[in-house]
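Engineer: Shown below is the structure under consideration.
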There are 2 protein chains.
Amino acid sequence: MAATIKDVAKRAGVSIATVSNVINGSRRVSPELKKKVQKAIEELGYQPNPFGRALRKGESSTIALLIPDRSNPFYAQIAWGVEEQARRYGYALITCHTDEDPGLEEFYVSSLLHRRVAGFVVAPTSAGRDTLSPILRRGVPLVLVDRVIEGLPVDQVSSDNEGGAYMAIRHLLQLGHRNIGVLSGVEDISTTQDRIRGYKKAFAESGLPLDESLIAPGCSQIEEGAAAAESLLLSGEVTAIFSINNMMTLGALHSLKKLGLRCPEDVSLVGFDDSEWAAVMTPGLTVVAQQSYELGYLAGALLFRRLKRRPKPPKPRTVKLRTILIIRESTAEPREPLSGKLAARGSSVVANL
Amino acid sequence: MAATIKDVAKRAGVSIATVSNVINGSRRVSPELKKKVQKAIEELGYQPNPFGRALRKGESSTIALLIPDRSNPFYAQIAWGVEEQARRYGYALITCHTDEDPGLEEFYVSSLLHRRVAGFVVAPTSAGRDTLSPILRRGVPLVLVDRVIEGLPVDQVSSDNEGGAYMAIRHLLQLGHRNIGVLSGVEDISTTQDRIRGYKKAFAESGLPLDESLIAPGCSQIEEGAAAAESLLLSGEVTAIFSINNMMTLGALHSLKKLGLRCPEDVSLVGFDDSEWAAVMTPGLTVVAQQSYELGYLAGALLFRRLKRRPKPPKPRTVKLRTILIIRESTAEPREPLSGKLAARGSSVVANL
DNA sequence: CATTTGGTGTAAAACGTTTTAAAATGGCGG
DNA sequence: CCGCCATTTTAAAACGTTTTACACCAAATG
């Protein structure tokens, strides 16, 4: 059906090799032949068959994107940026969701490697150092996005997570909060660690004491966030909560609602990651916003830079994007100790989403 | 590097063709040879090279998914279902976002066809009838999801949109609302039309008069929804709003907040599509929920059914999934006419997100 | 016994490229 | 006029499959 390179060659009255050279610019071709070939291509509407090319070159014009959490719109933004770049360069994008599961990540890596994708953009799970190693071993270009891995010799793009958390906590401290609970994220990933570091840094700098027991292990899902927030709130010790990601912020809201606590009157809340609903809620949520689209766009750019300069790979680059504290209505000065508020309702409440 | 079919053949002491036959089951192979071949495959860890196969068969084990709106989590759920199916069948999934732009849709269709994807799952833009026609012309399997197109001879999976809207409006009517505004969706797509039909049906059945001017052209983005909601609210005529999709519900919330109106005291609000934030907001949103994951999962199932029964294509099937009305707190009986509430603030407010 | 028939196996062609190695062309100095 | 080099072109080999067409053999048929 579709025209092949052979048809083009015949029509232009040249050899197949010449056509190939014109298309790929791999060799000098005299201007006259070049013109003839281009005319033939035009007339036939010829497009090189991707499989023939892929078979010969051992690689297809396809890149892969690995995303750890499909419910978090933050990653949808990152994917947007990567997709934009892929389109720019005429590559197809295979997007896979690992759902924080190293096993699934491993599966996808091996299956995509076998498919000979040209490169990877990955926001790794906690086991990334291991699961991604086959990519490096095969010498396939890899860019890490959002979550970085110390010492891995690849391009890495992330936000200034420590700085973001630092700003958020300083904001709460300035308002007068002293007991600030944290809904922590997935362990063993850089974003969680960096944000916790920012939290501690703000306390250290202010000279105020920090109660490590207020750092509740959350994770990444709504239910987990809700449970963690609930136990934090029921302890009656905190006047503010810092939620380390989008989804857990929703969980915290759920718990507040369930316990009949009002925000910011009873508890202040700061989230990490802005989102479309964060602005329109009542109260509007104070959040640390990342430049999520830009994260993806930049990661894509770095990947293609590497793909284009194939023979001489550039030195791995690490980029950190600024974060922004958006103050809305969910944070205010603490009013009264929380414990009184809760006394009436007992402590046997169980999360039920 | 990786083993080829040739290596397997040599190791098993058979011909290449035999190995191929064992792998694909395309011909009978004697048990003894079969065993030998399988052993060789095992030992070498052989996996057929996808490009060789694709080149020969003119098609790769890859399917494409076209999504019209990247910000709406509803579509992320659909994508989840499709991805699950793709994994099940060992296919890769290329996901592209058209952003409601027929031009982009056309571009992706042509580029994916040229890539020889094995099939498409598409939630089409308003121009779907035209932009998708090249797929049919080439005889590539296609499944429509969420938005259907009348008379197109392909599998189609959607929700009972009319029924969902009908339930929502009946709920509002039963509460006593008579002037119900609608934030309408993208024109010329089935979901919008069906939901509007449900709206009208509920009115018709109740015998109450319907004011067509309360159907405000929204579209699909937050800003559009906010503007439409604002003009509806400023008219002072409505006591309830039915928002036809997720994103516009957020827009409506934005307008409510901006105008200082409370929900449900001043205005009741019903949205289409449930979401993670809808439940935890204050007030919790009353919504018509779709089985979004299932939509995608089913669409994928239908696509692979068609791919597997290639020589004799089955009759196109149309599936409609039940919708559910989830009543939360954003809908209540109307209290006082809205016009009084708004009199104090004038009508020169402009959307500013 | 000669000839089909049906079941297994294989060599070789084909899919559409890119690239290597060799051939043709043309200009130039000897 | 010949040989030599530089430049441009091309034929052919490869990439790894699937599939067609044929070869082989044993059993069944006439």
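The values are calculated or read from the model by the stated rules, or taken from the named source; none is laboratory data. Everything quoted here is computed from the prediction, not taken from an experiment. Counting neighbours? That spans all protein chains shown, and the Cβs are built from the backbone with ideal geometry, glycine included. Keep in mind that these areas ignore ligands, DNA and RNA; they rest on the heavy atoms of the full protein, side chains included. Shrake-Rupley method; radii C 1.70, N 1.55, O 1.52, S 1.80 Å.
Engineer: Please identify, among B:Ser71, B:Ser243, B:Ser111, the residue showing maximal mean-square fluctuation in a Gaussian network model of chain B using a 10 angstrom Cα cutoff.
Structural biologist: B:Ser111
Engineer: If you count only protein heavy atoms and use a 1.4 Å probe, how large is the accessible surface of A:Phe107, to the nearest 10 Å²?
Structural biologist: 90 Å²
Engineer: In square angstrom and rounded to 100, what buried accessible area do you get between chains A and B, total over both, with the probe at 1.4 Å?
Structural biologist: Numbers: alone 17650 and 17670 Å², together 31240 Å².
Buried: approximately 4100 Å² between B and A.
Engineer: Are there any residues in the stretch B:61-83 with a reduction of at least 40 Å² in accessible surface when going from the isolated chain to the assembly of protein chains? Probe 1.4 Å, please list them by number.
Structural biologist: Those residues are B:Arg70, B:Trp80, B:Glu83.
Engineer: Could I ask something else about it? Angle between the Cα long axis of helix A:190-206 and the longest principal axis of chain A, 0 to 90 degrees, nearest 10?
Structural biologist: So the helix axis and the longest Cα principal axis differ by about 40 degrees.
Engineer: Roughly speaking, to the nearest percent, how much of the stretch B:78-128's 1.4 Å accessible area is carbon and sulfur? Each step should come with its number before you reach the end.
Structural biologist: On the way: 750 of 1520 Å².
Whole-percent figure for carbon plus sulfur exposure: 49.
Engineer: Counting only the heavy atoms of the protein chains, how much of B:Glu333 is accessible to a 1.4 Å probe, in Å² to the nearest 10?
Structural biologist: We get 120 Å² for B:Glu333.
Engineer: Something else: Leaving ligands, DNA and RNA out of it, work out the accessible area of A:Tyr75 with a 1.4 Å probe and give it in Å² to the nearest 10.
Structural biologist: The accessible area of A:Tyr75 comes to roughly 20 Å².
Engineer: Take B:Asp146, B:Asp211 and sort them by solvent-accessible surface of the protein heavy atoms, 1.4 Å probe, largest at the top. Intermediate results must be reported in sequence, preceding the final value.
Structural biologist: On the way: B:Asp146 5, B:Asp211 65 Å².
Most to least solvent-accessible, the answer reads B:Asp211, B:Asp146.
Engineer: Convert 10 °C to kelvin, take the viscosity as 1.306 mPa s, use the Kirkwood radius over C-alpha pairs of the stretch A:156-212 as Rh, and evaluate the Stokes-Einstein diffusion coefficient in µm²/s, rounded to a whole number.
Structural biologist: On the way: Rh = 11.6 Å.
Translational D for this selection: 137 µm²/s.
Engineer: Follow-up question, since we're still on this one. Using Cα atoms only, what is the angle between the long axis of helix A:246-259 and the major principal axis of chain A, expressed in degrees (0 to 90) to the nearest 10?
Structural biologist: Helix A:246-259 sits roughly 30 degrees off the main axis of chain A.
Engineer: Okay, moving on. What's log10 of I(q)/I(0) for the stretch B:5-48 at q = 0.31 Å⁻¹, Debye sum over Cα points only, no solvent?
Structural biologist: Listed by q, the Debye log ratios stand at -1.20.
Engineer: Moving on. Among A:Ala278, B:Val109, A:Ser30, whose Cα lies farthest out toward the positive end of the dipole of the protein assembly as shown, if unit charges sit on the beta carbon of Lys, Arg (+1) and Asp, Glu (-1)?
Structural biologist: A:Ser30
Engineer: Test of understanding: what is the full-extension gain from B:Glu333 to B:Ala204, defined as 0.36 nm times their sequence separation minus their Cα-Cα distance? List each step's numbers first, then the result.
Structural biologist: Values: separation 129, 0.36 × 129 = 46.44 nm, distance 2.07 nm.
The span from B:Glu333 to B:Ala204 would gain 44.4 nm if fully extended.
Engineer: Continuing with the same structure: Would you work out what percent of the accessible area of the stretch A:5-48, with all protein chains in place, is carbon or sulfur (probe 1.4 Å)? Intermediate values should be presented prior to the final figure.
Structural biologist: Values: 1480 of 3090 Å².
The computed percentage sits at 48.
Engineer: In addition: How long are the semi-axes of the ellipsoid equivalent to the protein assembly as shown, from square roots of 5 times the Cα gyration tensor eigenvalues, in whole Å, largest first?
Structural biologist: Numbers: eigenvalues 470, 225, 111 Å².
Each semi-axis is √(5λ); the values are 48, 34, 24 Å.
Engineer: If you don't mind, there's one more thing I want to ask. Using the crude model of +1 on Lys and Arg Cβ and -1 on Asp and Glu Cβ, and no other charge, please compute the dipole size for chain A relative to its Cα centre, in debye to 20. Don't skip to the answer; put the middle values down first.
Structural biologist: Values: 44 positive and 38 negative charges, 587 e Å.
That gives a dipole near 2820 debye.
Engineer: Of B:Lys200/B:Lys315; A:Lys200/A:Lys320; B:Lys200/B:Lys320, which ones are farther than 22 Å apart at the Cα? Provide the component values of the computation, followed by the final result.
Structural biologist: Working: B:Lys200/B:Lys315 33 Å; A:Lys200/A:Lys320 20 Å; B:Lys200/B:Lys320 20 Å.
From B:Lys200/B:Lys315; A:Lys200/A:Lys320; B:Lys200/B:Lys320, over 22 Å: B:Lys200/B:Lys315.
Engineer: Out of B:Pro316, B:Val14, A:Ala165, whose Cα points farthest toward the positive end of the dipole of the protein assembly as shown (charges: +1 Lys, Arg; -1 Asp, Glu; placed on Cβ)?
Structural biologist: Sorting the options by dipole projection puts first B:Val14.
Engineer: Continuing with this model, one more query. GNM on chain A, C-alpha springs below 10 Å: top fluctuator among A:Asn161, A:Asn72, A:Asn245?
Structural biologist: Comparing A:Asn161, A:Asn72, A:Asn245 in a Gaussian network model of chain A, the most mobile one is A:Asn72.
Engineer: Cα-Cα over 22 Å: which of A:Lys35/A:Lys57; A:Lys36/A:Lys312; A:Lys257/B:Lys257? Can you show the working numbers first?
Structural biologist: Working: A:Lys35/A:Lys57 26 Å; A:Lys36/A:Lys312 34 Å; A:Lys257/B:Lys257 19 Å.
In this structure, A:Lys35/A:Lys57; A:Lys36/A:Lys312 exceed 22 Å between Cα atoms.
Engineer: Compute accessible area for the stretch A:276-304 by itself and then with all protein chains, 1.4 Å probe, and report residues whose area falls by 40 Å² or more.
Structural biologist: Listed in order, they are A:Glu276, A:Trp277, A:Val280, A:Met281, A:Thr282.
Engineer: Could you work out [θ]222 nm for the protein assembly as shown from helices alone, using -39500 (n - 2.57) per DSSP H run of at least four and dividing by all its residues? Round to the nearest 500 deg cm²/dmol.
Structural biologist: Details: 30 runs with 328 residues, N = 706.
Rounded to the nearest 500, it is -14000 deg cm²/dmol.
Engineer: Related question: So if the hydrodynamic radius of the stretch B:1-126 is defined as the Kirkwood radius over C-alpha pairs, what does Stokes-Einstein give as its diffusion coefficient at 4 °C and 1.567 mPa s, in µm² per second? Numbers along the way, then the final one.
Structural biologist: Details: Rh = 17.0 Å.
Once the numbers are plugged in, D ends up at 76 µm²/s.
Engineer: Continuing with the same structure: Taking the Cα centroid of the stretch B:241-273 and of the stretch B:75-147, what is the distance between the two, rounded to the nearest whole Å?
Structural biologist: 32 Å
Engineer: Along the charge dipole of chain B, which of B:Gly300, B:Ser330, B:Val267 sits closest to the positive end, that is, farthest toward it, with unit charges on the beta carbon of Lys, Arg, Asp and Glu (+1, +1, -1, -1)?
Structural biologist: B:Gly300
Engineer: Continuing with this model, one more query. Using a 1.4 angstrom probe, figure out how much accessible area the stretch B:5-48 has per residue, in square angstrom, rounded to the nearest whole. Intermediate results must be reported in sequence, preceding the final value.
Structural biologist: Values: 3090 Å² over 44 residues.
I get 70 Å² per residue for the stretch B:5-48.
Engineer: Quick one: with all protein chains in place, what share of the accessible area of the stretch B:168-285 is carbon or sulfur, to the nearest percent (1.4 Å probe)? Each step should come with its number before you reach the end.
Structural biologist: Details: 1880 of 3880 Å².
The nonpolar share, carbon plus sulfur, comes to 48 percent.
Engineer: Here is a follow-up. Taking the Cα centre as origin and putting +1 on Lys and Arg beta-carbons and -1 on Asp and Glu beta-carbons, what dipole magnitude results for the stretch B:5-48, to the nearest 20 debye?
Structural biologist: On the way: 9 positive and 4 negative charges, 32 e Å.
Dipole of the stretch B:5-48, to the nearest 20 debye: 160 debye.
Engineer: Direction-averaged shadow area of the convex hull around the Cα atoms of chain A, nm²?
Structural biologist: Average projection, Cα convex hull of chain A: 21.5 nm².
Engineer: A follow-up question, please. Against the longest principal axis of chain B, how steep is helix B:161-175, in degrees 0 to 90 to the nearest 10, with axes from Cα atoms?
Structural biologist: Approximately 20 degrees, to the nearest ten.
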